[in-house]
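What follows draws every value from the coordinates through simple rules; no lab data is involved. Just so we're clear, the structure is a prediction, and the values are computed from it rather than from any experiment. We place every Cβ from the backbone using ideal geometry, glycine too, and count neighbours over all the protein chains shown.
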């Protein structure tokens, strides 16, 4: 042993305990758990920040992922490049993130396959990551030294939206694990605003944030676990695949899977189905085909053998395969560097505190910047007004420091003002510059007053945070993808209803008839018909349930539900077996005797420029109403049923400058409600007249005639904009064409007003 050697005896138990604690803290704080404020783990935060530092904005081109990984590893994250790339890949996967934070270009993998190597893929920031890092340069967050203290990195991002709830999180630390599901950004921001405004409870929060919203959709089959998790931070729920029963041929049915539970891929499902069939646990399946592609999305077809009930086979599939999966919720995140289990309200409270801090620091930064600029502008105003004396003073000085000193003494300027004047360009010394400086000075004073109001009045700060949350929601929010099927499905009698804002739901019957709950009950098989002549059959199992009209805000419209592009629904029909009649803008009418076997079929060939305006199940009469007030009532039987490829026949003969605006099936005891538009229909034009006409008073005419004049126009009235049948003297919402296309006025509201008008 040499004199330089020192050996210290320590207890091995104490050493192991201390080393394990240090290791645990490192894993918990620096690797596995997200921060409650921005919802990011350190590696994710460093990737996003470094991409912003590299200027990889959505408006710029993609760069190689390996370049991003190299910069992150060299400057901020001293770990393996594969770990960094894995984190970057997950941020770019739309099936993993509800709002992807990286815009990836190339093969970033799927639920069944891994991504390509970093040298083959490219990346840049998404709009979501731009919102997370917005205004980071305005002293909104603290910066800390990087691993070698040569650079700095943000300890947290400003986070313009509650990313922890929107994208969820998963991670395994030492002795604990976090598992947080993703949510809908629009719903989360509404919940955050409720917390911000102070008047909230868990019940009120769940009215706008009913549950998780997974990227791949699916159906949550119970809400008990959601409520428990939202309350205490721990719970579980079950997610089912979205499955519809379709007809392959006249005698063969299939189960078509279009959405799967979170993180479940089609190959895993197929493998489990084959295992269950091979072990004799599952019968009734003849084949499984995966037609999934990037253009059409997920489509897994499970063919059912003849003689087997598809619903019974589906129930067995739920039990034996990943078509139904449990998701355990464990809301653990870092609060001031310490792991904590939290309910949804506490999570939102921490986010709101963070946003208030960010907004306050940003306002202080902008206030200081405006005050500094105003100080310089005031000095420039003095210099410009005394320009001759200033020039003479500068010319008489032998050094810059002497000139600075003289300016300060003669004009009572600060050192900063004097220095700024010495750097002034001669071209600014014009009469116009004086006006310009005065205008700038006034603008700066107004800005300073606004900044000081935000800092001194809490209600101003609250309103600013609320406005910014609403703005980011408007820019980034998308419709809900995961349907929540609550326990009320099994305990209450639900009816299918269609709301005035175009949303198809199942809800308790007593809720659908309450005042202020604008819905129309639909009986029979639900059918949607679009203006391009497409018919869609909608399975009841796919229609989202709600407990009341208050929950309609989170439900997608029927156009979003059907994922229509360049098309829109004009009518929702409850098909009870009667023929369906339809009419076009140009007055063409057609009837089909029965529904097609397929779930989506084109049912009319339309002339160029023509479109369907409405459809209905046939009754005794068919009624046409035109824009210029012409009406035609004909017997339904005068329109013979045709095949799906037929183009129909002439219903009403229209004048050259006229078009059909209303069409429906009706009975003698029904009423026709119409409303006219005054003026030319431009914004600000006054309404014309509303009228209620008994159908029995409208004379019956032959098909392909002009019919009769239904409503005379006064000097101010120009044309009809609304026409709808009211059954049994009550108004029951108009067709969805008028509902969904109304942009200048509340058509439904106008029609409700018309209900009070007596018959003429």
Next item on the list: Sort 271, 187 so that the residue with the fewest other Cβ atoms within 10 Å of its own Cβ comes first and the one with the most comes last.
Entry: 271, 187
Note to self: How would 697, 9, 142, 38 line up from fewest to most surrounding beta-carbon atoms within 10 angstrom?
What the structure shows: 9, 142, 697, 38
Check: With r defined as the distance between the Cβ atoms of residue 401 and residue 144 and R0 fixed at 35 Å, what FRET efficiency is calculated, to the nearest 0.05?
Finding: 0.35
Next item on the list: Take 534, 649, 51 and order them by how many other Cβ atoms sit within 10 Å, fewest up front.
Entry: 649, 534, 51
Item checked: Separation in nanometres of the label points that stand 7 Å from Cα toward Cβ, at residue 452 and residue 53 -> 3.8 nm
Notebook entry, point to check: Taking the Cα-to-Cβ direction at residue 286 and at residue 644 and moving 7 Å from each Cα, how far apart do the two end points lie in nm?
Noted result: 2.0 nm
Check: For the Cα atoms of the chain, what angle does the longest principal axis make with the long axis of helix 81-92, in degrees from 0 to 90, nearest 10?
Finding: 40 degrees
Note to self: Pairs of alpha-carbon atoms within less than 8 angstrom and 6+ residues apart define the contacts here; what relative contact order does the chain have, in percent?
What the structure shows: 9 percent
Notebook entry, point to check: Any idea what the relative contact order of the range 242-322 is, in percent, if you count C-alpha pairs under 8 Å spaced at least 6 apart?
Noted result: 36 percent
Notebook entry, point to check: Extension gain residue 478-residue 11, at 0.36 nm per residue separation less the Cα-Cα distance, in nm?
Noted result: 162.3 nm
Note to self: Compute the angle between helix 310-320 and the longest alpha-carbon principal axis of the chain, please, reported from 0 to 90 degrees and rounded to the nearest 10.
What the structure shows: 20 degrees
Notebook entry, point to check: Could you give the angle, 0 to 90 degrees to the nearest 10, between helix 387-396's Cα long axis and the longest principal axis of the Cα atoms of the chain?
Noted result: 30 degrees
Notebook entry, point to check: Given a cut-off of under 8 Å on Cα pairs at least six residues apart, what relative contact order in percent is computed for the range 40-158?
Noted result: 28 percent
Notebook entry, point to check: At what distance in nm do the modelled label points of residue 155 and residue 655 sit from each other, each positioned 7 Å from its Cα along Cα→Cβ?
Noted result: 7.6 nm
Next item on the list: Residues in the range 367-382, backbone N under 11 Å from the label point at residue 434 (7 Å along the Cα-to-beta-carbon vector): list them, ranges by number please.
Entry: 382
Notebook entry, point to check: How large is the helix-only mean residue ellipticity at 222 nm for the chain, computed as the sum of -39500 (n - 2.57) over DSSP H runs with n ≥ 4, divided by its residue count, in deg cm²/dmol to the nearest 500?
Noted result: -10500 deg cm²/dmol
Next item on the list: Provide the gained length on full extension for the span residue 113 to residue 316, in nm with one decimal, where the gain is 0.36 nm per separating residue minus the Cα-Cα distance.
Entry: 70.4 nm
Check: Taking the structure as given and computing Cα Rg over 2.2 N^0.38 Å, which label from (i) 1.00; (ii) 0.95; (iii) 1.23 fits?
Finding: (iii)
